[in-house]
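The structure under discussion appears below in the form of structure tokens.
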Amino acid sequence: IIVFDNESNPKVQKEVIAAVKRVAGEIIDPKIAVLPIMNGEKKSEIDTFVLRYGAELFHSIIDNALTYEQWNVLQRF
């Protein structure tokens with residue numbers, strides 16, 4: 001499962017998407033967990049997210065990770 005910081009900046013988003021695609025190409029059956037950007041924040045960092053919203057929500061996001069194919073389709077929108 002690949003989980004990464006999320007960012008509202010379009011340039012950074014493109015860089016993250018490219019990095020996820022590179023990593024996903026190197027592993028078998030990759031899954032992607034996307035941290036939501038909450039409460040009008042501009043980004044979502046893993047450590048801050050867990051501290052602010054708790055491990056239970058983080059685990060829920062991991063448990064509901066998308067297949068690489070599902071995630072990749074969403075990148076087209």
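The values are calculated or read from the model by the stated rules, or taken from the named source; none is laboratory data. Since the structure is predicted, the reported quantities are computational estimates derived from the model, not experimental observations. Using ideal geometry, Cβ is built from the backbone for each residue, glycine included, and neighbour counts are taken over all protein chains shown. Ligands, DNA and RNA are excluded from the accessible area calculation, which covers all protein heavy atoms including side chains. Shrake-Rupley method; radii C 1.70, N 1.55, O 1.52, S 1.80 Å.
If I filter segment 5-22 down to residues being surrounded by 13 or more Cβ atoms within 10 Å (Cβ to Cβ) and of a type in the set (A, V, I, L, M, F, W, C), which single residue comes out as farthest from Leu74 (Cα to Cα)? Steps first, answer last, please.
Start the filter on segment 5-22 by keeping residues that are surrounded by 13 or more Cβ atoms within 10 Å (Cβ to Cβ), which leaves 5-7, 12-13, 16-17, 20-21.
Narrowing further to those that are of a type in the set (A, V, I, L, M, F, W, C): 12, 16-17, 20.
On the way: Val12: 17, Val16: 14, Ile17: 11, Val20: 13 Å.
Only one residue tops the list, namely Val12.
Across segment 61-77, what is the number of residues that are more than 13 Å from the chain's Cα centre (by Cα) and open to solvent by less than 60 Å² (accessible area, probe 1.4 Å)?
Step one: filter segment 61-77 for residues more than 13 Å from the chain's Cα centre (by Cα), giving 69, 73, 76-77.
Remaining after also requiring open to solvent by less than 60 Å² (accessible area, probe 1.4 Å): none.
Looking only at that region, the number is 0.
Return the residues of segment 3-20 that are touching a residue at least 40 places away in the same chain (Cβ under 8 Å) and either touching a Cys at 6+ places or on another chain (Cβ under 8 Å) or not in a loop (DSSP other than H, G, I, E, B) (or both); say none if nothing qualifies. Working first, answer last.
Residues of segment 3-20 touching a residue at least 40 places away in the same chain (Cβ under 8 Å): 3-5, 17, 20.
Passing the criteria: Val3, Phe4, Ile17, Val20.
Tally time: how many residues in segment 44-77 are without any contact (Cβ under 8 Å) to a residue 12 or more places away in the chain and not in a helix (DSSP H, G or I)?
Residues meeting the conditions: 3.
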